[in-house]
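**Student:** The structure is given below, and queries will be raised subsequently.
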Amino acid sequence: MKMEQVELFQLLKDCSQVFRTSILILNEQEEIIRHFPETFQRPPKIFHHTLQHCLTESKNHPFQLQLFSDVFYQYFFFYPIVNKEGVYTFIGVGPYLIHEVGKFQVRKLLVLNGLDFSYEEEAIDYFKQLPVVERKEIMAVERLLKALLPGEADGEYSIAQIPTKEMEVYREFKNNQLKSKYSRHLLELNENFNRYFKQGDNQALEEYKKLRKSSLFPLGNGDELRSAKNNIITLISKLTRIAIEEGVAKTEAFTLHDFYINHLETKQGIKEIEKLEFMVIQAFLDVMKQKNLTSRVSPLVHRAKNYIFQNLTEEINLKVIADELKVNPNYLSSVFNKDTGISLTKYINEQRIKEAKDLLRETPYSLMEISIILGYNSQSYFTRVFKKQEGVSPKEFREKLHSNG
């Protein structure tokens, strides 16, 4: 057994060198006991809770390779091994990035996660040493690890054959749900909503209000707040699926999906959650409307709009987008203006201000923090653009919301 362990460590070390990816061995206490390469720089303390969460989640599936990501742009593979005494050892591959993370992205992360700017330099240095891995490399790592990692524990019984308490609870839940008249999500029960939603018609909201009067299936194990959140997660997932099926770009749909699921967890009251529920539907309806409009414009303009939506919080301009789409900036500007009636720069600002209004309405972020999130060079420039488009400053816009609330 000792020789096998030595061989495994050597193979993991080789893996680390070939794929330029850190590989960690962690014990039951979630402490790093071995790592490759030896020069691996441990993550800043502000990132530690993410690692702990991934390890805890991975325990639900021992001897299975699992891929995780976090709000800090990091990706990890985790493979939990458990012996007969129930003691875990974890093999972790990563963290790695799928795109470079620079100063701008770091500042945005700090703002979005309520962290102090004193962490900025440490975080920038940390991201510099993480490898940027392409999707085909990730798939290669996954295939290799599946062939390399040890199987289930030796002995007279298999981990997979032990009925856990969670599995028993799941079976009971499944049986109860199958018997329930609310076993399907309410959106699956109404063709009118689906038809209006696919058309981007606001009548979908009225149909949803009718459906909302029906009881929702409890999904919170007795916790009313958790049940309400879980039902909205189901709603978001179904709207995302429908949007993609109807031709909305996957990146656009999944961006909405991720934003609202994360935003949902900041809500602490049933009334707040119900309000967010209708905001989610309206946001997806807007995307469906936009999709129907873009089907009338040239493929180049459609691609430009998709790129803008995906990178709205990055530093983008006409040249950056033209380089990405591999066209001449003047040509892109001309086609965009002809098809939409506005300049590309104005369109970017309109979309950013639309996002800014949501942030002013729904979050406690300061004006400086919002300007950072949306990619403006300064708060004063953000304020100038906002006032030019909306007729009032961001501060006045927020104050008006509060006075009307």
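The values are calculated or read from the model by the stated rules, or taken from the named source; none is laboratory data. The structure presented is a predicted model; accordingly, all values stated were derived computationally and were not measured. Cβ atoms come from the backbone with ideal geometry, glycine included; neighbour counts cover every protein chain shown.
**Student:** What do you reckon, is TYR307 free of Cβ contacts under 8 Å to residues at least 24 places away in the same chain and either out of contact with any Cys (no Cβ under 8 Å at 6 or more places or on another chain) or assigned to a helix (DSSP H, G or I) (or both)?
**Tutor:** Yes: the conditions hold for TYR307.
**Student:** Given the criteria crowded, with 18+ Cβ neighbours inside 10 Å and either under 25 Å from GLN203 (Cβ atoms) or touching a residue at least 40 places away in the same chain (Cβ under 8 Å) (or both), does THR251 qualify?
**Tutor:** no
**Student:** Let me ask you something else. Tally the residues that are surrounded by fewer than 17 Cβ atoms within 10 Å (Cβ to Cβ) and either touching a residue at least 60 places away in the same chain (Cβ under 8 Å) or aromatic (Phe, Trp, Tyr) (or both), restricting the search to the stretch 364-405.
**Tutor:** 1
**Student:** Go through the stretch 47-150 and tell me which strands (runs of 3 or more DSSP E), entirely inside it, have 3 or more residues that are of a type outside the set (S, T, N, Q).
**Tutor:** Passing ranges, in order: 75-82, 88-96.
**Student:** Would you say SER366 is among the polar types (S, T, N, Q) and out of contact with any helix residue (DSSP H, G or I) (no Cβ under 7 Å at 6 or more places or on another chain)?
**Tutor:** yes
**Student:** Scan LEU325, LEU312 and give me the residue that is in contact with a Lys or Arg (Cβ under 7 Å, 6 or more places away or on another chain), closer than 26 Å to PRO364 by Cβ and either of a type in the set (A, V, I, L, M) or modelled with pLDDT of 85 or more (or both).
**Tutor:** LEU312
**Student:** Return the residues of the stretch 213-223 that are touching a Leu at 6+ places or on another chain (Cβ under 8 Å) and either surrounded by 13 or more Cβ atoms within 10 Å (Cβ to Cβ) or modelled with pLDDT of 80 or more (or both); say none if nothing qualifies.
**Tutor:** Answer for the stretch 213-223, where residues must be touching a Leu at 6+ places or on another chain (Cβ under 8 Å) and either surrounded by 13 or more Cβ atoms within 10 Å (Cβ to Cβ) or modelled with pLDDT of 80 or more (or both): just LEU216.
**Student:** Something else about it: Looking only at the stretch 57-82, count every residue that is more than 16 Å from VAL133 (Cα to Cα), touching a residue at least 40 places away in the same chain (Cβ under 8 Å) and surrounded by 13 or more Cβ atoms within 10 Å (Cβ to Cβ) and tell me the total.
**Tutor:** Within the stretch 57-82, residues that are more than 16 Å from VAL133 (Cα to Cα), touching a residue at least 40 places away in the same chain (Cβ under 8 Å) and surrounded by 13 or more Cβ atoms within 10 Å (Cβ to Cβ) number 6.
**Student:** Has the stretch 97-114 got at least one residue that is in contact with a Leu (Cβ under 6 Å, 6 or more places away or on another chain) and surrounded by 14 or more Cβ atoms within 10 Å (Cβ to Cβ)?
**Tutor:** Yes - at least one qualifying residue is present in the stretch 97-114.
Here's the yes/no breakdown for (1) polar (S, T, N, Q); (2) at pLDDT 70 or above; (3) within 25 Å of LYS59 (Cα to Cα); (4) not assigned by TED's automatic domain parsing to the domain that holds THR313:
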site: VAL93; (1), (2), (3), (4): no, yes, yes, yes
site: GLN105; (1), (2), (3), (4): yes, yes, no, yes
site: GLU120; (1), (2), (3), (4): no, yes, no, yes
site: ALA123; (1), (2), (3), (4): no, yes, no, yes
site: ASP154; (1), (2), (3), (4): no, no, yes, yes
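**Student:** Looking only at residues in the stretch 342-362 that are hydroxyl-bearing (Ser, Thr, Tyr) and touching a residue at least 12 places away in the same chain (Cβ under 8 Å), which one is surrounded by the most Cβ atoms within 10 Å (Cβ to Cβ)?
**Tutor:** Filtering the stretch 342-362 for residues that are hydroxyl-bearing (Ser, Thr, Tyr) and touching a residue at least 12 places away in the same chain (Cβ under 8 Å), the one surrounded by the most Cβ atoms within 10 Å (Cβ to Cβ) comes out as TYR347.
**Student:** Answer with yes or no whether ASN328 is free of Cβ contacts under 8 Å to residues at least 24 places away in the same chain and polar (S, T, N, Q).
**Tutor:** yes
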